[in-house]
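So that we are looking at the same thing, I have put the structure below in structure tokens.
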Amino acid sequence: MSSLPVSDVPLPAGWQPALLSRTFSFDLPSHHTGQCYRVLVGLPAEKPSAEGYPVLWMLDGLASYPLTEVARSRSPGGAVAGWRQKDPAGLVVGIGYASGESFTTDARARDYTPESPGSAEDPPSRAHGGAGAFLKFMLEELRPLLACHLPMDPARHSLFGFSYGGLFVLHVLLTEPWHFQRYWAASPSLWFSDGLLLRKLPAGLSVLQRAGPLRVTLTVGLDEQYPEQFISEAHQQHLQARAMVERARAFGQQLEAAALPGLDLDFRVVPGHDHLDMLMHGARRVVEHFAFSP
């Protein structure tokens, strides 16, 4: 028996949609991509500084943004060790899709990947190569709209992405790094198109030499390539082909070896974490420890 959509199920009186604290949302169609996006915006409890709010932009926003609630919550009287005593005074913007799904496979595969001269080698989706159009959506449609209502500090924009989103983060870093000052790439899909971004890294270094001060965090879970136990031979082959740890390490090493002035790199291999773990690892930490620090 197939289950009924939730909207068709009679619910008790008084049941209402769940809401996140200090969060509003809206849907926004894009002329650049042809997609319709669902945007979540988290408001801080504090007023902005004279320069405006710092802003954290989060890809896969319907999955990543809710995970920031722990970092954005006030400490209950200081009773829980390690919680903040006050919220970070910044905006958190989660960009998802109007479908309402946490991950919309084809849409994110197209939006978060750069143009590829060869095969993308991603069986779940045939849509790729729309990163340029998606960046234009962020910069020319979404950012100006929010800036009309919320003051933003132009020198404190951070970009967070996971998996394909992490690939997008590094693509922007290597091509147009001046749009953001801080970058967090969690488990970036550097295997995409036979290591396309690793091949483009040398050219990207020349672009980065002309950029201002940047802070870059690159993370990957050890279990993404070297788990204690493989589920099957096919699982082992898949992880070895993706080589998530080694590709991330190679990217970080080349970036660090370039010794670019003004670039602060933090590369982390996190033990005991698989691919999805790294979304939770990054989304929880990027708010408190990265995006809004001085």
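Every number here is computed from the coordinates shown, using simple stated rules; none is lab data. This one's a predicted model, so the numbers in the text were calculated from it and none came from an experiment. Heads up, the Cβs are rebuilt from the backbone with ideal geometry, glycines too, and the neighbour counts pull from every protein chain shown.
Rank by packing, highest mean first: peptides 253-262, 239-248, with packing defined as the count of other Cβ atoms within 10 Å averaged across residues.
Highest to lowest by the protection proxy: 239-248, 253-262.
Which semi-axis lengths, in whole Å and largest first, follow from the square roots of five times the eigenvalues of the Cα gyration tensor of the chain?
29, 25, 21
Express as a percent, rounded to the nearest 5, the fraction of DSSP beta bridges in the chain (both residues included) that run antiparallel.
Close to 35 percent.
FRET efficiency for Ala259 and Glu115, Cβ-Cβ distance as r, R0 = 30 Å, nearest 0.05?
Efficiency, from the Cβ-Cβ distance: 0.50.
I need the calculated FRET efficiency for the pair Ala127 and Glu51, taking r as the beta carbon distance and R₀ as 45 Å, to the nearest 0.05.
0.70
Just rank Trp184, Trp15, Trp191, Trp178, fewest to most, by other beta-carbon atoms within 10 angstrom.
Neighbour counts put them in this order, fewest first: Trp15, Trp178, Trp191, Trp184.
Taking the beta-carbon count within 10 Å as an exposure proxy, list Phe134, Phe230, Phe103 from fewest neighbours to most.
Phe230, Phe103, Phe134
A further question on this structure: For the residues Ile95, Ile231, what sequence is obtained by ranking on other C-beta atoms within 10 Å, fewest first?
Fewest-to-most ranking of Ile95, Ile231: Ile231, Ile95.
Given a Förster distance of 22 Å, report the FRET efficiency between Ala250 and Met280 from their Cβ-Cβ distance, rounded to the nearest 0.05.
Efficiency at R0 = 22 Å is approximately 0.35.
For labels at Leu222 and Leu43 in the simple 7 Å Cα→Cβ model, what's the distance in nm?
With each label placed 7 Å out from Cα toward Cβ, I get 4.4 nm.
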